[in-house]
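Shown next, in structure tokens, is the structure this report addresses.
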Amino acid sequence: MVFLAAWPVADNGVDFVDLQTQQPIPMQASNYQAPLWLPGGDLQTLWAVTLARPRVDYRRQRWELHDGDFLDLDWIDGAPDAPLLVLFHGLEGSSDSHYARYFMAEVQRRGWRGVVPHFRGCSGEMNRLPRAYHSGDSAEVDMILRRLAREAGGPLYALGFSLGGNALLRWLGENGEAATGLLSGAAAVSAPLDLPVAGATLDQGFSRVYTARFLKTLKRKALDKLDRYPLLYDRAAVEALDSIKDFDTLVTAPLHGYRDADDYWARAASKPVLGAIRVPTLLINARNDPFMPGDVLPTQAQVSDRVQLEFPDSGGHVGFVSGPFPGGFAWLPERVLGYFGNLIEVR
């Protein structure tokens, strides 16, 4: 049996097809529903961050890189041949982010191994080079996954959240069939698939609350870089900017080879490459995500037959809280790790 035949199907109005029999698989909607006491995408997003997080005892490893920089990785150890989950965090996230802690706790409970590679500058120590990280950083994803694949004794799975999800999807689309030699499965949660729309959304209305939070640390890091590299950009301009688009135009784009924010968003977006993905991939986005409007989410016709779309009506941005007040974060780890576990069984 090919593993696509065992996938649950997406809530997007289109059947998946069993590649062995060429017969449609019956439709099945997402089973996620937000609690009645937690209405709206913004509350669902903000409340998830306040939940008490499980304790996770990480082992930190530092990779010294050929370009003179370094990456810090936080590990959950297990048997050498156990499945390994690689978790790519979101914008200004880390292994301490609520989703990372919950997923790594569940990884440990299942006897798997897990690792959170920190994007440059996100591990608690500033990286050495002018470059940082960005939504289209597929080259960084490639370097990380290739090294981990060489060291992994069991199946390797990759999971990305928000920015990390977009970067992972870019890598999956750019590498196509070649990616199947490294990964047994992948998933992305709350990825800003259409970056031009997501970027504009973050600079409007209530979403500016999120923008202010991101800019607080992004600007501080950018200004700190000037102590080592004083000619990177204008200090006064960085201090004055108050939008994601201005930050990406002034800092992100020139540091990473883009002309400006518009060029960066267009070329780094993952939505245009979803049709080239060949690794079995689960894509979860809430339709009320305040970062990514539901009306621009892809249809099954816009992605490959290896991509399963799951777009519940609620959940917010990496929210997906469930259960009675004050709620918990069990649904998402169970859904994603269950998906990966199913791939193991049918392979």
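The values are calculated or read from the model by the stated rules, or taken from the named source; none is laboratory data. All values reported here derive from a predicted model rather than from experimental measurement. Neighbour counts run over all protein chains shown; Cβ positions are idealised from the backbone, glycine included.
Among the residues of region 44-60, write down those that are of a type in the set (A, V, I, L, M, F, W, C) and crowded, with 18+ Cβ neighbours inside 10 Å.
Hits for region 44-60 are 47, 48, 56.
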In region 294-314, what residues are surrounded by fewer than 16 Cβ atoms within 10 Å (Cβ to Cβ) and assigned to a loop (DSSP other than H, G, I, E, B)?
299, 305, 313
Which condition number does residue 343 fail, the rest of (1) modelled with pLDDT of 95 or more; (2) surrounded by fewer than 23 Cβ atoms within 10 Å (Cβ to Cβ) being met?
(1)
Which one is nearest to residue 130 (Cα to Cα) among residues in region 48-85 that are acidic (Asp, Glu) and without any contact (Cβ under 8 Å) to a residue 24 or more places away in the chain?
64
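Are any residues in region 40-49 within 20 Å of the chain's Cα centre (by Cα) and of a type outside the set (A, V, I, L, M, F, W, C), and if so, which ones?
Step one: filter region 40-49 for residues within 20 Å of the chain's Cα centre (by Cα), giving 41-42, 44-49.
Once the filter is applied, which keeps residues that are within 20 Å of the chain's Cα centre (by Cα) and of a type outside the set (A, V, I, L, M, F, W, C), region 40-49 yields 41, 42, 44, 45.
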For a quick check of your reading of the model, give me the residue pairs whose first member lies in region 33-46 and is in contact (Cβ under 8 Å) with a residue 12 or more places away in the chain and within 19 Å of residue 191 (Cα to Cα), whose second is in a helix (DSSP H, G or I) and of a type in the set (Phe, Trp, Tyr), with beta-carbon atoms closer than 7 Å and at least 6 apart or on different chains.
42/206
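Limited to region 155-169, what total is found for residues that are in a helix (DSSP H, G or I) and surrounded by fewer than 24 Cβ atoms within 10 Å (Cβ to Cβ)? Quick ask: steps written out before the conclusion?
Narrowing region 155-169 to residues in a helix (DSSP H, G or I): 163-169.
Retained after the next criterion (residues that are surrounded by fewer than 24 Cβ atoms within 10 Å (Cβ to Cβ)): none.
Residues in region 155-169 being in a helix (DSSP H, G or I) and surrounded by fewer than 24 Cβ atoms within 10 Å (Cβ to Cβ): 0 in total.
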Would you confirm, using the coordinates I've provided, whether residue 205 is without any contact (Cβ under 8 Å) to a residue 12 or more places away in the chain, more than 16 Å from residue 133 (Cα to Cα) and not hydrophobic (A, V, I, L, M, F, W, C)?
yes
When you scan region 291-322, how many residues do you find that are touching a Pro at 6+ places or on another chain (Cβ under 6 Å) and either at pLDDT below 95 or among the β-branched types (Val, Ile, Thr) (or both)?
1
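Answer with yes or no whether residue 67 is surrounded by 15 or more Cβ atoms within 10 Å (Cβ to Cβ), among the acidic types (Asp, Glu) and closer than 29 Å to residue 247 by Cβ. Break it down into steps so the answer makes sense when it comes.
Working: surrounded by 15 or more Cβ atoms within 10 Å (Cβ to Cβ): no; among the acidic types (Asp, Glu): yes; closer than 29 Å to residue 247 by Cβ: yes.
Spelling it out, it is not the case that residue 67 is surrounded by 15 or more Cβ atoms within 10 Å (Cβ to Cβ), among the acidic types (Asp, Glu) and closer than 29 Å to residue 247 by Cβ.
Restricting the search to region 124-154, which residues are of a type in the set (Gly, Ala, Ser) and either buried (at least 20 other Cβ atoms within 10 Å of the Cβ) or assigned to a helix (DSSP H, G or I) (or both)?
Going through region 124-154, the residues of a type in the set (Gly, Ala, Ser) turn out to be 124, 132, 135-136, 138-139, 149, 152-154.
Once the filter is applied, which keeps residues that are of a type in the set (Gly, Ala, Ser) and either buried (at least 20 other Cβ atoms within 10 Å of the Cβ) or assigned to a helix (DSSP H, G or I) (or both), region 124-154 yields 132, 135, 136, 138, 139, 149, 152.
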